[in-house]
Structures are given as structure tokens and as C-alpha cells.
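As C-alpha cells, the structure follows; a few thoughts come after it.
The values are calculated or read from the model by the stated rules, or taken from the named source; none is laboratory data. Quick caveat: nothing in here was measured; it's all calculated off a predicted structure. Virtual Cβ from ideal backbone geometry, glycine too; neighbours counted across all protein chains shown. Each accessible area value is taken on the protein alone, full model and side chains, heavy atoms only, with ligands, DNA and RNA left out. Shrake-Rupley method; radii C 1.70, N 1.55, O 1.52, S 1.80 Å.
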Amino acid sequence: MTNDQLLKKIKHEYFWYAIYTKSRSEKKLYVELQEKGIESYLPLKKELRVWSDRKKWIETPLFSSYVFVKVSKKEYHQAIGSKYAVCYVSIRGRAVPVHECQINALKSFLEDEARSLEVTNADLKPGKRVEVLAGPLKGVQGEIHEIRGKHRLVLRFESLGACVHTEIQTDEVKLAESCC
């Protein structure tokens, strides 16, 4: 394969990235990206909001100020070219790709409405990696954070500095070999 062929192939490879948005603009950016034909993902959670006169279930972003996009080099600048987008989540000036298995795991977590979700930005110490054996999260890998009366499975998204927590029983997991 020549260098030109290799460069063309690399230019058309698609990777997931997180875009940092303006405050409360996640849904607006998501809609704009969809209209541009750019594959994007906005993880939403349902919350019960209570006002003095009523209660209402609303969908809010799981990660405040983040929208995920799957782009090649060709769409890279087009995705960020919105008045709602601030920048790609980056380290030392380079956008950090998010592994596809992590996006898929997030989708699995959100599909399981019976489990409660909690997002934290705490800097967690590395622990044993486990893989879920049963239920809607089957095949999802994560890291054990703590063991109290109930067990917690933590799926770490290092590129965002955040973790998703959910309760899970020890007989529903096994030690994992590797993730992504």
C-alpha cells in the first residue's frame, strides 16, 4: 500500500470524540449535528422535576455539556463549527478519541431502566476490571470502585474524567481480560 493510499484510508476512518458544549446547549448541538448528517450521540437520563404546582419527568443530558460525535478527518472541523460547540475534549491540545466499546456500554447502561445511574467526576483509583455476565449489561466491562453492602460496577470513561455507577451483584460479573 502506497503512502497516498494509506493517507486516504486514514482520512476516512471514523472515531468517536466528545465535544464540549456551551452551557445548556447539548440538545441544540445534537439536533444541528443530526441535520448536518453527522453521527452523534447524546446520552439522556430521565429525572423527576418538582415545582410548587406540579411534577414532571424530563430528559436531561447524562453528561452536562458533552455531546459525542463519530467523525473522520473530513467531518472533524464541520462537527465543531457550530455556535453551540466550544471545543473537542482534548489532552495537550489533541482531541481524545472515545473507544466505540465505551459508547456501546453507555447505550447499554441507559437501555436498562431498572438500574439507577449516577455520574461522578471523582478521580477514582484503579481497581479490578470486571465483565458483566447476565442481563442487559451483558458484555459490558467496568472497574470495581467500592464494595459496601451492595456492589458497585464503575465504567470508567478516562477521556472524559467521569465514571458511570450502577448496582450489580457479584455473581453477575467475572474478572475481565481486557476492554478496548
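Here is how the numbers come out for the structure above:
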| read-out | value |
| --- | --- |
| Filtered residues of the stretch 24-59 (kept if within 22 Å of the chain's Cα centre (by Cα), of a type in the set (Lys, Arg) and outside any helix (DSSP H, G or I)) | Arg24, Lys36, Lys45, Lys46 |
| Residue count for the stretch 63-86, restricted to those that are over 20 Å from Leu44 (Cβ atoms), open to solvent by less than 20 Å² (accessible area, probe 1.4 Å) and of a type in the set (Gly, Ala, Ser) | 1 |
| Qualifying residues in the stretch 98-125 (those that are part of a strand (DSSP E or B) and surrounded by 14 or more Cβ atoms within 10 Å (Cβ to Cβ)) - the one modelled with the highest pLDDT | Val98 |
